[in-house]
């Protein structure tokens with residue numbers, strides 16, 4: 001339950017009708033793609049936000065947020081900086097394995113009225129047997145250890161919820177981006193190839209559907225569920241309602257980069273994985289499958305939530321940001337060589 005201290009807190013100006021602001025929120029992390037946007041939105045709505053991190057991120061912390069510096073993997077250091085403080089809601093953005101999650105559970109037990117674990121939509125059944133994907137879709141991903149670890153974290157936390165009333169809420173974002181994150185497999189290297197008139201490798205046949213969510217849209221729904229007692233014991237998917245085939249995603253990036261028609265060459269995900277073990281788990285465990293989500297559940301909790309940023313706008317924002325920061329335009333020579341090799345092989349019909 002949300003502690004009595006949260007009851008009676010006045011509504012926050014600009015928040016959805018009926019929203020009660022927690023008196024205090026702790027973000028563990030707080031400067032990543034998802035968490036930075038959520039932090040900015042939380043502060044804008046008047047929440048009292050504390051961010052716990054190591055202080056090494058290039059993303060700024062919003063004015064008005066309190067920052068505590070400690071390595072979250074050092075439990076003793078975290079206990080020292082937190083002291084005896086308690087929070088109305090805690091969001092953990094950086095637990096990826098059961099060991100890390102267990103340490104967080106022991107650290108936060110009794111300190112919060114709501115613990116929000118950021119899992120991953122990649123934990124949902126792969127390949128999915130039906131679309132759209134719902135919160136009731138089974139959790140099963142035999143391809144990607146990252147996803148299996150997130151599933152194990154969820155299982156650990158739901159046991160704590162059932163056995164000891166640990167106030168758990170699980171959030172499963174899918175592919176969430178900001179201006180720094182290029183959705184294509186090759187990142188800036190693919191933009192470079194498009195502008196140079198070189199072929200660009202697209203996994204599969206380019207027709208599988210993919211959902212891309214801007215972090216500012218995600219933040220609206222995420223902050224909206226903080227402090228809501230009815231969210232405890234529940235899981236929520238938070239994504240955009242827009243879904244696009246990969247061919248269209250690549251073409252939107254090309255258009256944003258000033259390229260009228262990129263040369264897209266399709267290469268089977270299994271072939272890419274065989275030649276690039278580091279790309280394989282993400283391709284086979286996530287990107288090669290169609291992912292379309294039903295956001296009805298989060299919308300029933302946060303009624304005014306809707307994603308308003310289409311990816312056409314997002315692609316332009318990304319390319320403009322990189323063009324304004326040429327020092328970040330990294331061309332990966334190993335990916336250049338891989339693309340040259342596999343696109344030539346695919347075009348030869350071998």
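None of the figures in this text is laboratory data; all of them are computed from the coordinates on show. Because the structure is predicted, anything quoted here is derived from the model rather than measured. For neighbour counting, all protein chains shown are included, and Cβ atoms are generated from backbone atoms with ideal geometry for every residue, glycine included.
General observations
- Extension gain, residue 205-residue 292: 0.36 nm per intervening residue step, less the Cα-Cα distance, totals 29.6 nm.
- Hydrodynamic radius of the chain by the Kirkwood approach over all distinct alpha-carbon pairs: 21.3 Å.
- Per-bin percent of Cα-Cα distances, the stretch 118-246 [5 Å]: 2, 9, 15, 19, 20, 15, 9, 6, 3, 2, 1, 0
- Cα convex hull of the stretch 193-333 - mean projected area over all directions, nm²: 10.4
- The angle between the Cα long axis of helix 311-324 and the main principal axis of the chain comes to about 80°, on a 0 to 90 degree scale.
- At R0 = 56 Å, FRET efficiency that the Cβ-Cβ distance of residue 165 and residue 313 yields, to 0.05: 0.85
- Spin-label model, residue 86/residue 73: points 7 Å from Cα along the beta carbon direction are separated by 3.2 nm.
- Between 0 and 90°, nearest 10: helix 33-44 axis offset from the chain longest Cα axis: 40
- On Cα atoms only, tilt of 246-256 relative to the major axis of the chain in degrees: 90
- Potential lengthening between residue 59 and residue 135 on full extension [0.36 nm per residue; Cα-Cα distance subtracted]: 24.3 nm
- Helix-only [θ]222 nm of the chain, DSSP H runs n ≥ 4, -39500 (n - 2.57) each, per residue, nearest 500: -11000 deg cm²/dmol
- Cα pair distances exceeding 17 angstrom across the stretch 277-335, given as percent: 69
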